[in-house]
1. Filtering the stretch 39-61 down to residues that are assigned to a loop (DSSP other than H, G, I, E, B) and in contact with a strand residue (DSSP E or B) (Cβ under 7 Å, 6 or more places away or on another chain), which residue is surrounded by the fewest Cβ atoms within 10 Å (Cβ to Cβ)?
2. Here's a check for you: in the stretch 17-37, which residue that is part of a loop (DSSP other than H, G, I, E, B) and out of contact with any strand residue (DSSP E or B) (no Cβ under 7 Å at 6 or more places or on another chain) is surrounded by the fewest Cβ atoms within 10 Å (Cβ to Cβ)?
């Protein structure tokens, strides 16, 4: 297994699902099939939406911008 420099995890917190959260994790193990191994217990109270390569910044997500008619 190799280690990954950085990934960004997009998730909803199960206690507050009104907005998406993003967290950057580093130094994680990566399996041969490129699947990242998240730390034990990391998924607790989270609904993981996506795992992205690198340190990503979410500019806008659903509901962040006002809808103009």
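No value in this document is a laboratory result; all are computed from the given coordinates. For clarity, every value in this text was computed on a predicted model and none was experimentally measured. Positions of Cβ are backbone-derived with ideal geometry, glycine not excepted, and every protein chain shown enters the neighbour counts.
1. Among those residues, the one meeting the criterion is 54.
2. Here the residue is 33.
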